[in-house]
Amino acid sequence: MSDNKVILTDQASGKSLELPVIKGTEGDPTLDIKQLNGGLGYFTYDPGYASTSSCSSAITFIDGGKGILRYRGYPIEQLAENSSFLEVAYLLMFGELPTRAEYEDFENDITNHTMVHEKLNTFINGFHYDAHPMAVLCGVMGSLAAFYHDSLDMNDPAQRLLAAKRMIAKMPTIAAASYRHHMGWPTAYPKNSLDYCSRFLDMMFSVPAENYEVSPVAAKALNLLFILHADHEQNASTSTVRLVGSTGANPYACVASGIAALWGPAHGGANEAVLTMLDEIGSVDRVPEFIARAKDKDDPFRLMGFGHRVYKNHDPRASIIRKACHEVLAELGVDDPLLGLAMELEKIALEDDYFVARKLYPNVDFYSGIIYKALGFPTSMFTVLFAIARTTGWVAQWLEQADNPGRIGRPRQVYTGETERNYVALDDRA
Ligand code: SDX
């Protein structure tokens, strides 16, 4: 809390109300408006919640103006350079970097929950072969509540932690199984001798007929991308997980709701949409045509992978991924013309007043798909990869809220419908 106050005066009634100011450890001061309706009889109106804090959290800090992203105080650049995805998962969930013993215990816990009930593989194989893997992920994550009855009591911290670890462990297994079902390949079971990212790549791409060696370059690239996508404050899918969590719903339902929210092309679905857009643009000489379309208010086309609600400077994750694109494609010996096209598109956009004036920069989704494609993932799996990484952020934020449960989330509205009127019998209607 801050000792600063803000006094609101209603000119209509002449009444005033003193609103407390909340000051976090970092970030803009925040008005506590809990007493506003009782005190002055007003609600606030903030569609899209651009100016609204829904909670307090100690997990992730973003400074959109400076392009800063920190997990538990550690700059994303340092974690990207030095950490591993599972170490970042531990950091997000428990607030501190683990000691070696703590890390090994955590990694063992995750490793020992990678298998799924065999009936889940039956469930996955029941989907039509061309089901979008995000549709499979939504359904299967929610269905975990039907299999794991020993981790549904939200009032039991041990059950909450067990559910959190299960979801982190099983997401890659479910994701790989949905891909293999689509390909008509048999299920590949997790190899617990491998690290998290290598195990996922093995489950995705190994074939029974021959020995499969996971590329260390690919595993390292995936580790980096998962770190960068792990958490991001109160984005749409995380806010959804928190809102569903505030009802006391089980953890699998909460994360399934996060997966559904992430799928939207305005959110995590953008990484798939960027590759579709780059394929449609096709060549550098068509870039001006698409830039013009992005600026045309009568054209619904938007430059996918550009813009961000919070970042009004470079998204630090995009800068890291852009650099990694060149390194990973070179190490894999992949020459993808889409990288050059993306770089040219970014260059032209960032020289255009429309984008400069609106502070629209490439976001985390603009370059990530180029690396995913180089690693062999189809575009339909890109948002699934985002979901695997973001599961750690979702569960960390859900655990934080569950540890100190507040009131059920229940926003109000500005009603614009009909005032009271009487029912008219069917035969009396015009
Ligand atoms: C993610 O919140 C998070 O943290 C999300 C995320 C995470 O890690 O969880 O960072 C992940 O979702 C990244 C965003 C991925 N989405 C896309 O790349 C889709 C394309 N981007 C946009 O749809 C848009 O920029 C959003 C959704 C990301 C942000 O939307 P806002 O904040 O509501 O911005 P806006 O729609 O109010 O745009 C402001 C102006 C508008 O023009 P004017 O009305 O002022 O004339 O900028 C324009 C918009 O038309 N604009 C764009 C644009 N993005 C915004 N114009 C063209 N192309 C774009 N991409």
* **Failed criterion for residue 231 (all others in (1) buried (at least 23 other Cβ atoms within 10 Å of the Cβ); (2) assigned to a helix (DSSP H, G or I); (3) of a type outside the set (A, V, I, L, M, F, W, C); (4) within 16 Å of the ligand (Cβ to nearest atom) hold)** => (2)
* Candidates 376, 409 - the one that is within 30 Å of residue 36 (Cβ to Cβ) and open to solvent by less than 50 Å² (accessible area, probe 1.4 Å) -> 409
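Table: residues versus (1) open to solvent by less than 30 Å² (accessible area, probe 1.4 Å); (2) under 18 Å from residue 169 (Cα atoms); (3) under 22 Å from the mean Cα position of the chain (by Cα).
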| residue | (1), (2), (3) |
| --- | --- |
| 34 | no, no, no |
| 37 | no, no, no |
| 64 | yes, no, yes |
| 83 | yes, no, yes |
| 89 | yes, yes, yes |
| 101 | no, no, no |
| 137 | yes, yes, yes |
* To do: Determine whether residue 352 is among the charged types (D, E, K, R), farther than 21 Å from residue 260 by Cβ, in contact with a helix residue (DSSP H, G or I) (Cβ under 9 Å, 6 or more places away or on another chain) and open to solvent by less than 20 Å² (accessible area, probe 1.4 Å).
  => no
* **Some residue of region 280-290 being without any contact (Cβ under 8 Å) to a residue 40 or more places away in the chain and either open to solvent by less than 40 Å² (accessible area, probe 1.4 Å) or polar (S, T, N, Q) (or both)** => no
* Are any of the residues in region 187-197 farther than 19 Å from residue 388 by Cα, assigned to a helix (DSSP H, G or I) and of a type in the set (Ser, Thr, Tyr)? -> no
* To do: Pick out the one residue from 347, 297, 312 that is surrounded by fewer than 20 Cβ atoms within 10 Å (Cβ to Cβ) and at pLDDT below 95.
  => 312
* Asked: If you go through region 305-321 one residue at a time, do you hit one that is assigned to a helix (DSSP H, G or I) and away from the ligand (no atom under 16 Å from the Cβ)?
  -> no
* To do: Could you check residue 54 against (1) within 16 Å of the ligand (Cβ to nearest atom); (2) open to solvent by less than 50 Å² (accessible area, probe 1.4 Å); (3) in contact with a helix residue (DSSP H, G or I) (Cβ under 9 Å, 6 or more places away or on another chain) and say which number it fails?
  => (2)
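For every residue, the table says whether it meets (1) over 23 Å from residue 134 (Cα atoms); (2) touching a Phe, Trp or Tyr at 6+ places or on another chain (Cβ under 9 Å); (3) of a type outside the set (Phe, Trp, Tyr).
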position	(1), (2), (3)
249	no, no, yes
276	no, no, yes
279	no, no, yes
285	yes, no, yes
304	no, yes, yes
322	yes, yes, yes
* Conditions: (1) in contact with a Ser or Thr (Cβ under 6 Å, 6 or more places away or on another chain); (2) within 16 Å of the ligand (Cβ to nearest atom); (3) of a type in the set (A, V, I, L, M, F, W, C). Residue 21 meets all but one. Number of the miss? -> (2)
* In this structure, does residue 260 turn out to be away from the ligand (no atom under 12 Å from the Cβ), closer than 20 Å to residue 384 by Cα and outside any loop (DSSP other than H, G, I, E, B)? -> yes
* Can you name every residue in region 14-56 that is in contact with a Leu (Cβ under 7 Å, 6 or more places away or on another chain) and of a type in the set (Phe, Trp, Tyr)? -> 42
* Asked: Looking at residue 361, is it open to solvent by 50 Å² or more (accessible area, probe 1.4 Å) and within 16 Å of the ligand (Cβ to nearest atom)?
  -> yes
* Quick one: residue 122 ticks every box in (1) open to solvent by 70 Å² or more (accessible area, probe 1.4 Å); (2) over 25 Å from residue 378 (Cβ atoms) bar one, so which box is it? -> (2)
* Hits in region 388-430 (condition: under 14 Å from residue 254 (Cα atoms) and among the small types (Gly, Ala, Ser)) -> 393, 396, 402, 409
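The values are calculated or read from the model by the stated rules, or taken from the named source; none is laboratory data. Predicted model only: the values in this text are computed from it and were never measured. Virtual Cβ from ideal backbone geometry, glycine too; neighbours counted across all protein chains shown. Accessible surface is based on the protein model in full, side chains and every heavy atom, while ligands, DNA and RNA are left aside. Shrake-Rupley method; radii C 1.70, N 1.55, O 1.52, S 1.80 Å.
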